[in-house]
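The values are calculated or read from the model by the stated rules, or taken from the named source; none is laboratory data. All figures in this text were calculated on a predicted structure; none of them were measured in a lab. Cβ atoms come from the backbone with ideal geometry, glycine included; neighbour counts cover every protein chain shown. To get the accessible areas, we keep the full protein, side chains included, count just its heavy atoms, and leave off ligands, DNA and RNA. Shrake-Rupley method; radii C 1.70, N 1.55, O 1.52, S 1.80 Å.
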Protein chains: 2
Amino acid sequence: MDTLPIIGGTGALGFGLAMRFARAGVPVAIGSRDAGRAQEAAAKAGDGVEGLENAEAAKRGPIVLLTVPFRAQSENLTNLKHVLSEGQILVDATVPLAAAVSGKATRLLGVPQGSAAQQAQEMVPDGVTVVSALHTVSAPVLNDLDKELDEDVLIAGDRKEPKQRVAELVERIPGLRAVNAGALEAARFIEGLTPLLISVNIRNKTHAGIKLTGVPEPRW
Amino acid sequence: MDTLPIIGGTGALGFGLAMRFARAGVPVAIGSRDAGRAQEAAAKAGDGVEGLENAEAAKRGPIVLLTVPFRAQSENLTNLKHVLSEGQILVDATVPLAAAVSGKATRLLGVPQGSAAQQAQEMVPDGVTVVSALHTVSAPVLNDLDKELDEDVLIAGDRKEPKQRVAELVERIPGLRAVNAGALEAARFIEGLTPLLISVNIRNKTHAGIKLTGVPEPRW
C-alpha cells in the first residue's frame, strides 16, 4: 500500500487524518516545515506514521494531502513546485476562511481563481491533478479516536480517475463515504460548507458534519 | 392556525411546499402574478389552499414564503413593498443561480449584498424581517407525495424569534428538521448548497438533500 503524505500534518485537521488513516492501515508521512516537529507528531500519531520536512514527505506517495491554513497555502504550493511530479494527485482541503486575515471563521475570502482548490490547480506543476476534498470532517472529532464517524466527504475535480482514487482513499477511514460533487469549480461551494458548519457549531455547541440524503449509492 | 402565503407558489418549489404544508394542516395562500393561474394551482394542491394574486396573498398571514427564480426576486420584492407590513416575516428561498442569465445551474451569480436573502432584507419595508430557508429541499421530491422526507433545513437570520417561528413552521412538514445556521450573512453559503446539490445530482442521477451529523438536538 502506498504511503500517504500529509503536508501540514502537524495541524489539527492533518494530524487527525494521519491518526485515522494510520489506524486504517494506510502508511502516513506527516510533513511539516520543521522535520523535528513532524517527527514528534508522527510518534504521537501511532504506528506506521513517519515525520518529514514537507518537501521530503511530498515525494513519498502518489496522493498528497494538503491540510494547511489558507494563509500558508500559497507558500506551501510554491515550495512544492519542484517536488511534485507528473501523475501525482494533490488533495486540497484548504478553506479560505477570513480568519486568515484576522477576520471571522464564519466568513470566506474571495479567491481570484474561484476557490482555494482552483488556486492550487493553477500553482501545481503540469501533470499534477488537484482534487478538492475533506473540508467538512471536524478536526476535533477526527482527533478523538473514541468518536465514530458517520458522514459524507464531497469530492470535486476535473478528472474522473484521480477523483475515484481519492474516493477510495477517503473510504479507507471507517464511517466516511465519498460523494462525487462534480468539477473542480464546485470546490467554491464545498469550501463554503466549512464557515457554514462553523456557524452551525457556534449556535448549536457541537461539531457538525455533512451527510447527503437521496444518494444511496454514489456513482463514480 | 395562520394562513401561509407562498409568493411564486405556482413554481415547482412553491407548489411542492404548498402541497406538503396543506397536507400538514397549514392553510396556504398560493400567490402568482396571475390570479387565475394561482387558483388553478390551488385547486390542484388540495384542500385548504386558496389562489390569489401575489399582493393579495402576501397579506393573508404573518409569515410569507418567497419562492421565485432569482431573476424575478427583485421585481417581486418591489411589488410587495407597499403590501408587506411591520412584524411580518419574509422567508426567502431564492438562489442566485447563473441559470437566471442563461448560465449553468451549477454556478452562482455574485449578489452585491452578499446573498439573495440579504438583497431581500435591503428591499423589504422597515419592520419586516427576512429569514433565509428552504433552499435544499428538492422540488421534485416535494412534489412526489409518495416520497418521505428525512432531511434538514438550514435557517439563517439576524433575529432569534423570527427564526424560531420559521423553524416551527418548517417542522410542520413531516421529515423536515430545522437547524439554526446563524446570522443572515450565512445565507451566502446556504444558497451555495443548491448549485452544489445540483452538481451532485447530475453526477449521481438523483435528488439529494442535506442532513447534518453531530447535531442531535438543534438549539433555538
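Taking region B:189-211 only, how many residues are touching a Gly at 6+ places or on another chain (Cβ under 8 Å), open to solvent by 10 Å² or more (accessible area, probe 1.4 Å) and outside any helix (DSSP H, G or I)?
Residues meeting the conditions: 2.
If A:A120 satisfies every condition in (1) under 14 Å from the mean Cα position of the chain (by Cα); (2) open to solvent by 10 Å² or more (accessible area, probe 1.4 Å) but one, which is the exception?
Single failed check for A:A120: (2).
What is the number of the single condition among (1) in contact with a helix residue (DSSP H, G or I) (Cβ under 7 Å, 6 or more places away or on another chain); (2) within 26 Å of B:A183 (Cβ to Cβ); (3) open to solvent by 10 Å² or more (accessible area, probe 1.4 Å) that B:Q73 does not meet?
Going through (1) in contact with a helix residue (DSSP H, G or I) (Cβ under 7 Å, 6 or more places away or on another chain); (2) within 26 Å of B:A183 (Cβ to Cβ); (3) open to solvent by 10 Å² or more (accessible area, probe 1.4 Å) one by one, B:Q73 breaks only (3).
Somewhere in region B:40-52, is a residue crowded, with 24+ Cβ neighbours inside 10 Å and more than 18 Å from B:D144 (Cα to Cα)?
Yes; the residues of region B:40-52 include at least one that is crowded, with 24+ Cβ neighbours inside 10 Å and more than 18 Å from B:D144 (Cα to Cα).
Inside region B:12-31, can you point out the residues that are in a loop (DSSP other than H, G, I, E, B) and surrounded by 19 or more Cβ atoms within 10 Å (Cβ to Cβ)? Even if it seems obvious, please write down each step before you answer.
Pass one, region B:12-31, residues in a loop (DSSP other than H, G, I, E, B): B:24-27.
If the condition is that a residue be in a loop (DSSP other than H, G, I, E, B) and surrounded by 19 or more Cβ atoms within 10 Å (Cβ to Cβ), then B:V26 is the only one that fits.
Given the criteria in a helix (DSSP H, G or I) and crowded, with 19+ Cβ neighbours inside 10 Å, does B:A57 qualify?
Details: in a helix (DSSP H, G or I): yes; crowded, with 19+ Cβ neighbours inside 10 Å: yes.
So B:A57 fits the description; yes.
Could you grab me the full set of residues in region A:98-117 that are crowded, with 16+ Cβ neighbours inside 10 Å and of a type in the set (V, I, T)?
Within region A:98-117, A:T106, A:V111 meet the criteria.
When the residues of region A:144-171 are narrowed to those that are touching a Lys or Arg at 6+ places or on another chain (Cβ under 9 Å) and over 15 Å from A:A93 (Cβ atoms), which ends up nearest to the other protein chains (Cβ to nearest Cβ)?
A:D150
If we keep just the residues of region B:173-216 that are touching a residue at least 12 places away in the same chain (Cβ under 8 Å) and on the phi > 0 side of the Ramachandran plot, which is farthest from the other protein chains (Cβ to nearest Cβ)?
B:G175
Looking at B:V95, B:V91, B:V68, B:V64, which is the one that is closer than 24 Å to B:A186 by Cα, within 14 Å of chain A (Cβ to nearest Cβ) and crowded, with 17+ Cβ neighbours inside 10 Å? Talk me through it step by step, then tell me what you get.
Working: B:V91 fails: within 14 Å of chain A (Cβ to nearest Cβ); B:V68 fails: within 14 Å of chain A (Cβ to nearest Cβ); B:V64 fails: within 14 Å of chain A (Cβ to nearest Cβ).
Selected residue: B:V95, the only one of B:V95, B:V91, B:V68, B:V64 that is closer than 24 Å to B:A186 by Cα, within 14 Å of chain A (Cβ to nearest Cβ) and crowded, with 17+ Cβ neighbours inside 10 Å.
Counting residues that are more than 22 Å from A:T3 (Cβ to Cβ) and not polar (S, T, N, Q), which strands (runs of 3 or more DSSP E) fully inside region A:61-155 reach at least 1? Show your work before the answer.
Details: elements: A:63-66, A:89-92, A:129-132, A:151-155.
The strands (runs of 3 or more DSSP E) meeting that bar are A:151-155.
If a residue must be of a type in the set (D, E, K, R) and surrounded by 22 or more Cβ atoms within 10 Å (Cβ to Cβ), how many such residues does region A:154-181 contain?
Step one: filter region A:154-181 for residues of a type in the set (D, E, K, R), giving A:158-161, A:163, A:165, A:168, A:171-172, A:177.
From the residues that got through so far, the ones that are surrounded by 22 or more Cβ atoms within 10 Å (Cβ to Cβ) too are A:163.
Total meeting the criteria: 1.
Going through region B:176-195 one residue at a time, which ones are under 19 Å from A:L212 (Cβ atoms) and out of contact with any Lys or Arg (no Cβ under 9 Å at 6 or more places or on another chain)? Spell out the reasoning first.
Residues of region B:176-195 that are under 19 Å from A:L212 (Cβ atoms), as a first pass: B:176-179, B:181, B:189-195.
The answer is B:F189, B:I190, B:E191, B:L193, B:T194.
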